[in-house]
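**Student:** Let me give you the structure first, and then I'll get to my questions.
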Amino acid sequence: MIRIGIVGDIGSGKSYVAKKFNLPVFDADFEVSKIYKKSRKCFNKLKKIFPKNIFSFPIKRKELSSLVAEDKNNVKKINKIVHLEVRLRMNKFINKNKKKKAVILDIPLLLESKINNKKDILIFVEAKKKEINRRLKKRSNFNLKILKKLKKLQLPLEIKKKKSNFILKNNFKSFSVKKNVKILKNKIFKNERSST
């Protein structure tokens, strides 16, 4: 089974691109929101570290956002707890789909959290800065202060680009993204066939 990791800037449309592959997608953001809603274990651990900020179960994103705005080191503390749970869920997902030809890993801090394997194929999603900013401002949870703190936790984009096997240009137009994805899929599967 081929593991395809999607990387890129915040707001570059990684999840949008991931869905266009028509392959099983592990969506870490979706899993994290489920953890906040359903995992008492996670809630208890976070409450222990942040007793003045985390009040009641389920965990409120608003409470976490205020922690992030306060201090970027808080993000690392939150991630340390949440990523353990995300990793467990990812392993279950990979197990469940082990007979599939390929899976997509849509994980925001894939490289930073060292969740990826050396054999993973990485695709860097590239989008115009203007387009990224326009999309970010549309988000209901948009907060420039928090965004800047999150960006500081990420590897520089140039490094992500260098580490990637392919670059996919995203102009957010369904037809051209589908076309670019199709070309990439063919290349990935062709390379896999020739290397086995």
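**Student:** Scan segment 110-120 residue by residue and report those that are under 11 Å from the mean Cα position of the chain (by Cα) and in contact (Cβ under 8 Å) with a residue 60 or more places away in the chain.
**Tutor:** The first filter runs over segment 110-120 and keeps only residues under 11 Å from the mean Cα position of the chain (by Cα), leaving 110-113, 115.
The answer is Leu110, Leu111.
**Student:** Of all residues in segment 82-101, how many are under 14 Å from Lys45 (Cβ atoms) and surrounded by 16 or more Cβ atoms within 10 Å (Cβ to Cβ)?
**Tutor:** Total meeting the criteria: 4.
**Student:** Further question on the same structure: Is it the case that some residue within segment 42-56 is at positive phi and modelled with pLDDT of 90 or more?
**Tutor:** If we filter segment 42-56 for residues that are at positive phi, which is where we start, we get none.
Scanning segment 42-56, I find no residue that is at positive phi and modelled with pLDDT of 90 or more, so the answer is no.
**Student:** Can you list the helices (runs of 4 or more DSSP H) lying wholly within segment 1-81 that have 3 or more residues being out of contact with any strand residue (DSSP E or B) (no Cβ under 9 Å at 6 or more places or on another chain) and buried (at least 17 other Cβ atoms within 10 Å of the Cβ)? Steps first, please.
**Tutor:** Values: elements: 14-19, 28-38, 40-49, 61-70.
Per the criteria, 28-38, 40-49, 61-70.
**Student:** Follow-up. Does segment 30-42 contain at least one residue that is among the β-branched types (Val, Ile, Thr) and free of Cβ contacts under 8 Å to residues at least 40 places away in the same chain?
**Tutor:** Taking segment 30-42 first, the residues among the β-branched types (Val, Ile, Thr) are 32, 35.
Next, only the ones that are free of Cβ contacts under 8 Å to residues at least 40 places away in the same chain stay: none.
No, that holds for no residue.
**Student:** Among the residues of segment 106-154, which ones are at pLDDT 90 or above and in contact with a helix residue (DSSP H, G or I) (Cβ under 7 Å, 6 or more places away or on another chain)?
**Tutor:** Result: Asp106, Ile121, Leu122, Ile123, Phe124, Val125.
**Student:** Identify, from the list Lys20, Lys14, Lys62, Lys100, the residue that is within 29 Å of Phe172 (Cβ to Cβ), under 11 Å from the mean Cα position of the chain (by Cα) and basic (Lys, Arg). First the steps, then the outcome.
**Tutor:** Numbers: Lys20 fails: under 11 Å from the mean Cα position of the chain (by Cα); Lys62 fails: under 11 Å from the mean Cα position of the chain (by Cα); Lys100 fails: under 11 Å from the mean Cα position of the chain (by Cα).
Only one candidate passes the filter, namely Lys14.
The values are calculated or read from the model by the stated rules, or taken from the named source; none is laboratory data. None of these values were measured; they are calculated from a predicted model. Glycine gets a Cβ as well: all are built from the backbone with ideal geometry, and neighbour counts include every protein chain shown.
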